[in-house]
Amino acid sequence: MENQASKKKIHYAWYILVVCFLMNMTVHVLVMQVASLYMVPMYQELEVPRVMLSLQSVLMAAGAVLTAPFWGKMYKKYDARVVLTICTAMTALCTIGRGFMPNMVSILVLAAVKGVFFTGNTVLPNSILLTAWFKKRRGFAVSTASLGISVGGVIFSPIVERLISSMGWRMSDKIVGLIMLVIMIPCTVFIVRSTPADKNLQPLGADEPVGEQAAAEACAGRFYHGGSAQKPCFLCFSAFHICDDLCNRRCITAAGVFN
């Protein structure tokens, strides 16, 4: 009876997947997907050249690229729960802080700092945590976590647009940052664990017979823990993935908004 009950119990890997989904739905979306909504109100209030507003994305990209190898080492050396909590909190605080910045120079400095911590709580932790916790259904887990970006865009885009129009972009920044803190900090502190061993468990599917597909997934599982994910080329690729998405959105928006 005890064996049957343990088999029916939800594996902890699914809770990790929920955290990764929420991370994309909140932090990723509230930093990148809704960034275009701030362009016009910031331009109207600050009255700065258009290129100055676009520099926010450039500095965020620079911070992300330069520190991606650093965060990869931090996740390997320290508890993912601690690193992810710090990165999430700092990203949220930088978002809140922009609402208090008096001029464009201080906003740009904060954008660079935000880029440093943003790369440590999006693509990298998703890849690291899902690889560690899923031996079986890893592809499904990665796809489901990525779905959070689309879901978050649908949910938060109209909310942020309404906040900006009714309260202004500064108050919207403060509320958005608080949303990140309220949703994600409890998840990173109480749910996230670096590896299944931290919960005296094995990865999902580790106890099943090893077939050809399972063997291939086991080999892929060594991608991170074997060191491949620690190489600068992989870390820079992940950072460039973030930067490319961010810069493309900002450029397209700027081209359409200011014409």
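The values are calculated or read from the model by the stated rules, or taken from the named source; none is laboratory data. All figures in this text were calculated on a predicted structure; none of them were measured in a lab. Note that we place each Cβ from the backbone using ideal geometry, even for glycine, and neighbour counts take in every protein chain shown. For the accessible areas, the whole protein counts, side chains as well, though only heavy atoms, and no ligand, DNA or RNA atoms are used. Shrake-Rupley method; radii C 1.70, N 1.55, O 1.52, S 1.80 Å.
If you plug the beta carbon distance of ILE159 and ALA206 into 1/(1 + (r/R0)^6) with R0 = 51 Å, you get a FRET efficiency near 0.80.
Pull out a ≥ b ≥ c, the square roots of the eigenvalues of the alpha-carbon gyration tensor of the stretch 89-173, then state rounded if a/c is under 1.5, prolate if not and a/b is larger than b/c, and oblate in the remaining case. Note, shape of the stretch 89-173 comes out oblate. Near the amide H of PHE134, within less than 5 Å, lie the amide hydrogens of LEU204, all on another chain or at least 5 residues away, with H placed in the peptide plane. Think of the stretch 1-143 as having a plus end and a minus end, set by charges on the Cβ of Lys, Arg, Asp and Glu; of GLY99, LEU55, GLY115, GLY115 sits farthest toward the positive end of this dipole.
Solvent-accessible area of MET167, all protein chains in place: 110 Å² (probe radius 1.4 Å, heavy atoms, ligands and nucleic acids excluded).
Note: relative contact order over the stretch 1-147, using C-alpha pairs below 8 Å and six or more positions apart, is 38 percent. In whole percent, how big is the carbon plus sulfur part of the accessible area of the stretch 114-181, probe 1.4 Å, protein atoms only? The nonpolar share, carbon plus sulfur, comes to 69 percent.
Enclosing the Cα atoms of the stretch 19-94 in their convex hull gives a volume equal to 93 cubic angstrom per residue. Cross-link pairs exceeding 25 Å between alpha carbons, from the set LYS76/LYS174; LYS73/LYS114; LYS9/LYS77: LYS76/LYS174; LYS9/LYS77.
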